[in-house]
Amino acid sequence: MIIKKSFFSNPKNRSKEERFKYVNRSGAGLVPSKSYISYGSDYWDNPNLPMGYGGYVYDGRFAKNAKEILSYLNLTNKSKMLEIGCSRGFLMVEFDKLGISIKGIDISRYAIDTAHPLVAKNIKLVDASHVDIEGSYDVIICKDTLPHIKRERLPFLLTNINNHIVEGGCLIVDIKVAESNSCKELTARFDPTQLSILCEAEWCTLIERYIDKDVYASFSELF
């Protein structure tokens, strides 16, 4: 069952106006570097690119989010969590500080190699859209992860996730959506790593087809 609930908000994200300015600029939409497409240094740490993170450093931005999730779901030090698409593990750090056991997986070797030292040992290089997840979890988090998966691999990934959530557990997703064809085009131009650009209704249909646990979902548009 999908429950509309937003656990994540980040005032440091670019505004819609800033994104429009980029895609309307001359040259926007050109094929980015291999480093960007493979979630390498250009994606995370190149300040000269208008897309990507431009320098992704730990600043405690997820501390409030972790506390809210812990309180809302009544998590304890016996709870087990997994973050899929954890990047450098900055959200994981906040749960670790709260005494919650959390593991992370990501497809970016660069992000893992530069992960936060507090949780680096708990992050593995795994593509869960192709490889079975290890372990069982009370909570699995996919924050801004699902749109970066090829459309044809989403059924495998969602089934994979569902199979590794314990009874009574849940999935938390935060998803960027596009509610019109023009917004889908703008999203693709702004960030070529977004491989499944769907509207909210399409995501809900997919999730409900493959997940039979509670899903706390938040949806927002880039444009």
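Expressed as an acute angle from 0 to 90° and rounded to the nearest 10, what is the orientation of the C-alpha long axis of helix 154-163 relative to the principal long axis of the chain?
Result, in degrees: 20.
Across segment 109-121, in residue order, what do the Karplus-derived ³J(HN,Hα) couplings come to in whole Hz, using 6.51 cos²θ - 1.76 cosθ + 1.60 with θ = phi - 60° and x for Gly and Pro?
Per-residue couplings from phi come out as 4, 4, 4, 5, 5, 10, 5, 4, x, 5, 10, 3, 5 Hz.
For segment 187-201, list residues with backbone N below 18 Å from a point placed 7 Å from the Cα of L49 toward its Cβ?
Residues 187-196 qualify, since their backbone N sits under 18 Å from the label point.
With runs of 4+ DSSP H residues as the only contributors, calculate the mean residue ellipticity of the chain at 222 nm using -39,500 (n - 2.57) per run, divided by the residue total and rounded to the nearest 500.
Here the helix-only value at 222 nm equals -8500 deg cm²/dmol.
I want to check the label-to-label distance for M1 and L98. Put each point 7 Å from Cα in the C-beta direction and report it in nm to one decimal.
2.3
Let me make sure I get this right: for segment 129-223, a, b and c are the square roots of the gyration tensor eigenvalues over alpha carbons, sorted descending. Under 1.5 in a/c it's rounded, otherwise prolate if a/b > b/c, else oblate. Which is it?
Prolate.
Once a ≥ b ≥ c are taken as the square roots of the eigenvalues of the Cα gyration tensor of segment 105-182, is the result rounded (a/c under 1.5), prolate (a/b larger than b/c) or oblate (a/b not larger than b/c)?
It comes out oblate by the Cα gyration axes.
Only Cα pairs under 8 Å and at least 6 apart count here; give the relative contact order of segment 72-223 as a rounded whole percent.
21
What is the distance in Å between the Cα centres of segment 137-176 and segment 50-103?
Between the Cα centres of segment 137-176 and segment 50-103 lies a distance of 16 Å.
Which of T187, T193 comes first, and how do the rest follow, when ranked by fewest Cβ neighbours within 10 Å?
Ascending Cβ contact count within 10 Å gives the list T193, T187.
Say R0 is 22 Å: what FRET efficiency, to the nearest 0.05, do A120 and N162 get from their beta-carbon distance?
0.20
Using the number of other C-beta atoms within 10 angstrom as an exposure proxy, rank C170, C86 with the fewest first.
Fewest-to-most Cβ neighbours within 10 Å comes out as C170, C86.
Below 9 angstrom from the Cβ of G168, what's the summed charge of the other residues (Lys, Arg +1; Asp, Glu -1)?
In short, -2.
Just to be sure I follow: if Rg is taken over the C-alpha atoms of the chain and Rh is the Kirkwood radius over the same atoms, what is Rg/Rh?
Using Cα coordinates only, the ratio equals 0.94.
With a ≥ b ≥ c taken as the square roots of the eigenvalues of the C-alpha gyration tensor of segment 41-92, please select rounded if a/c is under 1.5 and otherwise prolate if a/b is larger than b/c or oblate if it is not?
Taking the square roots of the gyration eigenvalues as a ≥ b ≥ c, segment 41-92 is prolate.
So, R0 is 45 Å and r is the distance between the beta-carbons of A63 and S182; what FRET efficiency does that work out to, to 0.05?
0.75
Each value in this text was obtained by applying a stated rule to the coordinates, not by laboratory testing. This one's a predicted model, so the numbers in the text were calculated from it and none came from an experiment. Cβ sites come from the backbone with ideal geometry, for glycine too, and all protein chains shown count toward neighbours.
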